[in-house]
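See below for the structure under consideration.
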Amino acid sequence: MEGNTTSPTVDRTVEIISAVDNEECASLIADIVAHPKGLVSPKEFAILNPPLSKSQISKRLNKLRESGVVAYENSPDQSPGEPRRYYHLTNEAREVFDRNNMFAPGPLSEMFDQIDHSEEFLKLIEKPRPSVDTEAINTNRRY
């Protein structure tokens, strides 16, 4: 028998968990999980993560997307200057996080609800979002 082989499930689990191995990426995932609509625009990420520049956020989101942790949808009906791209967890990432007790929606949502959000952020939350067919998004919460 040649070397150790692992199942694709184990390999994917390791890849997904490794993608959130730094504080910035973990923070972006927590933002998505805690967000009332489960779909977060880059502008919302910037408000929720003031120490990170837009460039840093973009790089982290690309890393997470390439690893299959997040995906994005474009909102076709936004006015100029409005957020068009919204990020969400993939079902596969949500399953991995659930199996490994990571990014539990309940506690993160409770913390999110306790934050005194700016007027700008509250207006962004109310913007229409693209329709995403995924079980990873909790669309029952309203802000």
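Since every read-out is calculated from the coordinates, none of them should be taken as a lab result. If you're wondering where the values come from, they're calculated on a predicted model, not measured in any experiment. Cβ: placed from backbone, ideal geometry, glycine included. Neighbour counts: every protein chain shown.
At a glance:
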quantity: Matching entry among Asn62, Asn100, Asn49 (being surrounded by 11 or more Cβ atoms within 10 Å (Cβ to Cβ), free of Cβ contacts under 8 Å to residues at least 40 places away in the same chain, on the phi < 0 side of the Ramachandran plot and in contact with a helix residue (DSSP H, G or I) (Cβ under 7 Å, 6 or more places away or on another chain)); calculated: Asn49
quantity: Complete set of residues in region 32-79 that are in a loop (DSSP other than H, G, I, E, B) and more than 24 Å from Glu110 (Cα to Cα); calculated: Ser53, Ser67, Gly68, Ser75, Pro76, Asp77, Gln78, Ser79
quantity: Restricting region 81-130 to residues that are more than 20 Å from Glu23 (Cα to Cα) and of a type in the set (Lys, Arg), the residue that is nearest to the chain's Cα centre (by Cα); calculated: Arg85
